[in-house]
Every structure is written in structure tokens, then in C-alpha cells.
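Only one structure is covered here, and it is reproduced in the block below.
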Amino acid sequence: MNKIVKSVDYDYIAMKKAIDAMCCRNSVLQQFTIGKSCAGRDITALKIDSGTEYVLFTAAFHGSEHITSNILLLFLEEFIYAYTHNRSLAGINVRKALGNRGIIFVPRVNPDGCEISIHGALGCGKEAGNIYKMCKGDFTHWNANLRGVDINHNFDAGWQELHNLERKSGILGPAPTRFGGEKPHSEPETVALVNLCKEYNIHHALALHSQGEVIYWNYNGYETETAKRMAEIMAATSGYALDVPIKLATGGGFKDWFIAHYLRPAFTVEVGSGRNPLPITDAVKIYGDIREMLTISAIM
């Protein structure tokens with residue numbers, strides 16, 4: 001297979017070109033827009049439509065974690081090849097294993113944040129001055145959206161408790177990271193995912209973040225024994241540890257909202273190790289480490 005996805009820092013334009021190329025090559029892959037970012041950039045989803053329920057894979061909630069988009073696209077490219085050619089991936093014939101299930105991929109939840117991390121002031125548009133002040137010139141480690149709201153603190157799951165913790169930690173307003181907004185679901189990126197989950201019957205969901213090589217699977221007692229078993233399989237096939245978030249990592253996240261709202265399994269997978277942003281050259285190795293886990297996650 002002549003691979004389309006490369007080990008490069010995909011900005012918004014380059015990623016759209018890669019996605020368009022994959023869709024041109026694979027007619028079974030459907031591209032659609034689930035919403036627009038603060039700056040008006042498309043939040044793109046890709047769908048393999050096989051039935052009445054779906055598994056949802058998401059990535060790049062945080063700007064400095066844009067490597068997760070590459071990792072998810074690497075998986076999508078191999079998965080769709082195996083699916084269309086009736087071949088195996090990680091030892092699994094995915095076409096047969098999927099049965100009446102479809103898959104939805106959202107490779108970049110926060111396109112504005114990724115542009116800021118990759119391109120600095122050039123990725124900020126008219127907000128360059130405000131963002132420069134917020135991050136003190138350190139654009140590379142920017143995680144929030146264009147308005148300085150951390151998307152993974154903005155979901156309506158323990159949001160008020162998390163907001164109180166943010167304030168106690170000195171996070172009082174828009175910031176490079178960990179400010180959850182003035183109210184839950186205040187950001188268009190958050191609303192886009194919420195509406196996607198309302199429109200489709202999502203069996204379970206995964207959110208790729210970096211870094212730490214851990215899997216978070218529970219939230220506030222809402223999780224089920226099925227979710228625990230699934231998490232144990234994911235850990236066994238990736239070598240990642242199961243973990244429990246603490247302090248400012250508790251509540252407000254997509255995983256938390258999905259679990260609490262739907263009472264179905266959802267997982268945050270912290271890929272790779274090091275300091276964000278991880279070197280883009282790590283993407284292929286990280287993907288290799290979790291290829292089996294991602295494949296099994298699609299069919300569990």
C-alpha cells in the first residue's frame with residue numbers, strides 16, 4: 001500500500017489534503033463536518049458505515065497533542081485498507097469482526113489549538129495579541145481553543161466542581177490550558193462532539209491524548225463492569241497501565257460526560273511518553289505500540 005499518512009506535523013490544510021486523499025482512494029469512507037471551531041475551521045469526521053451502532057475514535061482535544069491526529073489517521077488508513085480488501089489488521093479480519101457496526105473518526109477536535117501550537121502567532125489570526133499575552137510567547141505548549149478554553153474541561157460532567165478547583169488553583173479566566181470556560185458546553189468544539197453523540201448511536205468512545213501510556217476508564221461510579229473488562233483488554237494489548245485521574249484532571253472531560261450521560265463505556269488513552277508536544281517522529285512507533293489495542297477497541 002502506498003501510504004498517504006506521513007510523519008509530519010499536520011496543520012489544518014495538510015490534514016485536510018490527507019483526509020481528502022484517503023476519501024478519494026476509498027469510496028466506503030464518508031467525510032462530513034460535525035461543526036466549526038471558534039475560528040471557523042471545519043471539525044471533520046470520517047465514517048465507515050456498516051450498521052446501526054458505532055464506535056467513536058477522537059483525537060487532538062489539546063493543541064500541543066496534535067501528534068494524536070497523526071496516530072489516529074495512521075490507524076484509519078490501515079483499518080480502511082484491511083476493511084476494503086477483506087484482510088486482517090493485528091490478526092483480526094476487521095470486515096468480518098465489525099458485523100453490523102460502523103466507526104466514526106474525529107481526528108482533530110480542536111483545530112484552532114493545533115494551529116496555534118504548530119504555527120505560533122500565525123495560527124492565531126486576529127487573536128494573536130491576546131494569545132501571546134496568555135501564553136507569554138510560548139505558543140508551542142498551547143492546549144486550549146482560540147478563546148483560551150480547554151475543551152476537555154468544558155463538558156457537563158462535574159463541571160462546577162472542576163471549575164471551583166480551577167479557581168482555587170489560580171485559573172480564573174482564559175488560559176493556555178485547564179480553564180473550562182464560564183459554563184459547560186460553551187465552546188463550539190464541545191457542542192460539535194455532543195451533537196455528534198446525540199445523532200449517532202455510539203456504543204463506546206475513545207479519546208486519544210498524550211502523554212503517559214495510561215488508560216482512564218472510569219468516572220464517579222457511573223462505569224460498568226463491562227467497561228472495566230474492556231479497559232483490562234485494552235491495557236493487556238497495549239502495555240499501558242490503567243489509571244485514575246486526580247485533581248484538575250477529574251471531571252469536565254469528554255470521557256466523563258459520555259460515561260455519565262449515556263452510561264456506556266468511554267476511555268481516555270494517553271499515548272506515548274515525554275513532554276508535549278511529542279516529536280512527530282514518535283507517531284509511527286506509538287501507533288505500532290497501540291495498533292492491536294485500537295483494532296480490538298473497534299470490535300469489542
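The values are calculated or read from the model by the stated rules, or taken from the named source; none is laboratory data. All values derive from a computational prediction rather than experimental measurement. Cβ: placed from backbone, ideal geometry, glycine included. Neighbour counts: every protein chain shown.
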Legend entry - Out of Lys96, Lys16, Lys47, Lys3, sole residue that is basic (Lys, Arg) and in contact with a strand residue (DSSP E or B) (Cβ under 6 Å, 6 or more places away or on another chain): Lys47
Inset, instruction - Go through the stretch 76-99 residue by residue and tally those that are surrounded by fewer than 17 Cβ atoms within 10 Å (Cβ to Cβ) and hydroxyl-bearing (Ser, Thr, Tyr). - result: 2
Inset, instruction - May I ask you to list the residues in the stretch 172-188 that are free of Cβ contacts under 8 Å to residues at least 12 places away in the same chain and of a type in the set (Val, Ile, Thr)? - result: none
Legend entry - Candidate set from the stretch 82-132 (those that are assigned to a loop (DSSP other than H, G, I, E, B) and at positive phi); member that is modelled with the lowest pLDDT: Gly99
Inset, instruction - Say whether the condition of being β-branched (Val, Ile, Thr), within 17 Å of the chain's Cα centre (by Cα), under 28 Å from Ala144 (Cα atoms) and part of a helix (DSSP H, G or I) is met by at least one residue in the stretch 213-233. - result: no
Legend entry - Selected residue (criterion: nearest to Asn70 (Cα to Cα)) from residues of the stretch 23-34 that are touching a residue at least 40 places away in the same chain (Cβ under 8 Å) and surrounded by fewer than 19 Cβ atoms within 10 Å (Cβ to Cβ): Asn26
Inset, instruction - Please go through the stretch 243-261 and pick out each residue that is out of contact with any strand residue (DSSP E or B) (no Cβ under 7 Å at 6 or more places or on another chain), in a helix (DSSP H, G or I) and either surrounded by fewer than 24 Cβ atoms within 10 Å (Cβ to Cβ) or among the aliphatic types (A, V, I, L, M) (or both). - result: Lys247, Leu248, Ala249, Ala260, His261
Inset, instruction - Tell me, please, whether a residue that is surrounded by fewer than 17 Cβ atoms within 10 Å (Cβ to Cβ), of a type in the set (S, T, N, Q) and either under 25 Å from Ala45 (Cα atoms) or within 15 Å of the chain's Cα centre (by Cα) (or both) can be found in the stretch 197-212. - result: yes
Legend entry - Odd one out for Phe139 among (1) in contact (Cβ under 8 Å) with a residue 24 or more places away in the chain; (2) assigned to a loop (DSSP other than H, G, I, E, B): (1)
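Somewhere in the stretch 191-211, is a residue farther than 30 Å from Asp138 by Cα, of a type in the set (Asp, Glu) and in a loop (DSSP other than H, G, I, E, B)?
For the stretch 191-211, residues farther than 30 Å from Asp138 by Cα, of a type in the set (Asp, Glu) and in a loop (DSSP other than H, G, I, E, B): absent.
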Inset, instruction - Check Leu73, Leu56 and return the single one that is aliphatic (A, V, I, L, M), surrounded by 20 or more Cβ atoms within 10 Å (Cβ to Cβ) and in a helix (DSSP H, G or I). - result: Leu73
Inset, instruction - Look at Ile67 and say whether it is of a type in the set (A, V, I, L, M, F, W, C), buried (at least 23 other Cβ atoms within 10 Å of the Cβ) and more than 26 Å from Asn201 (Cβ to Cβ). - result: yes
